[in-house]
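Each value in this text was obtained by applying a stated rule to the coordinates, not by laboratory testing. The model shown is predicted, which means the values in this text are computed figures rather than measured ones. As a convention, Cβ positions derive from the backbone with ideal geometry for all residues, glycine included, and neighbour counts pool all protein chains shown.
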Amino acid sequence: MKKEIKVVAIVLVALIVFLAGFGLGATKGININIGSESGINVNVNGGSAGSAQVVAPQTTVPTTAAPTAPPTTAAPAPSDAPAADTTAAPAGDTTTAAPAPSGNASVPSSKAEIAAAYNKAVNDAKHYTGKVTLKKHDIIDVQLKDLPAIAEKIITPVIANLTKTEPKEAVFENAVGVDDNTRELTKWIIPGGGRDAALQEAGIASATATANADGGYTMVITLIAETSTFDGTSTTSEPTHHKSIMDPLELGSLDLGPITISNADLKYPGATMTATVDSQGRLTYLKQQLPLEGSGTGKAGISLTLNLAGSMDGTYEFIYA
């Protein structure tokens, strides 16, 4: 996922270079919306002279969970059974858990339990020594609109090549690739760089855990909003909780060629992770939805002020031998 986020940043600055070269950087505004489902839509609109303004639309965070089993009908209770407890949950508690069917893996209920279950499932998968097939796909979709014909002719094939992604599949055993022993399982699963997941209860805005018919359960976790500030040389502050389980954008590590970013403020409204665990406690499905907003200044021949909104998706499917 980190590679794909870097591509998005490069696409953005490459577009600015082209627009500046066609004289649009100083006379037009740019509206950019990045998303794996709706694409990256770039619209050139009338703006104030002297700067290129990118207006960030509001970003909503999708919270689609992995499919769960249809509900089962419980047998009626005997007439003399005690009345059901109708005591309401304490206000403000957004963590829920459905009861597990007989024989089900223990379904976590509190935020702390869900955080611990998520970390264990992901880290066990990253270090799994048995045979497993991993299918992953990180998606970037780019659409450029309302550009001058000559700019569109030049930019479109470049952007299409940069953002082209294909599903990847590999078989691992003893945590290394069967066909390529330089391929490491721990680096194929987020968080990248060989890091383990280290989600904390304090980083969770909401979390649910729902029992599945196969004896496992599905967790849906949304993180709290965080910010990251870039001072032009390094990321001076990081989204601690986002970084604990995924790969946020690190501007200080990107090679942007002739582009110089003076400063930037990045906002993470709250990423959502969906993880399905089977009856043996093994991770079988993982989805990341990482929205991002930001603003900053930079130079590409002319001084530019930028505002950015985006969202990246990544899915992982595990098939155990």
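Near V178, within a Cβ-to-Cβ distance under 15 Å, what is the net charge of the other residues, with Lys and Arg +1 and Asp and Glu -1? Taking every Cβ under 15 Å from that of V178, the sum is -1. Determine, from the Cβ-Cβ distance of I139 and T260 and an R0 of 35 Å, the FRET efficiency 1/(1 + (r/R0)^6), rounded to the nearest 0.05. With a Förster radius of 35 Å, E is 0.75.
If the limit is 28 Å between Cα atoms, which of K153/K267; K135/K243; K136/K299; K131/K267; K126/K164; K131/K168 go over it? Flagged as over cut-off: K153/K267; K136/K299; K131/K267.
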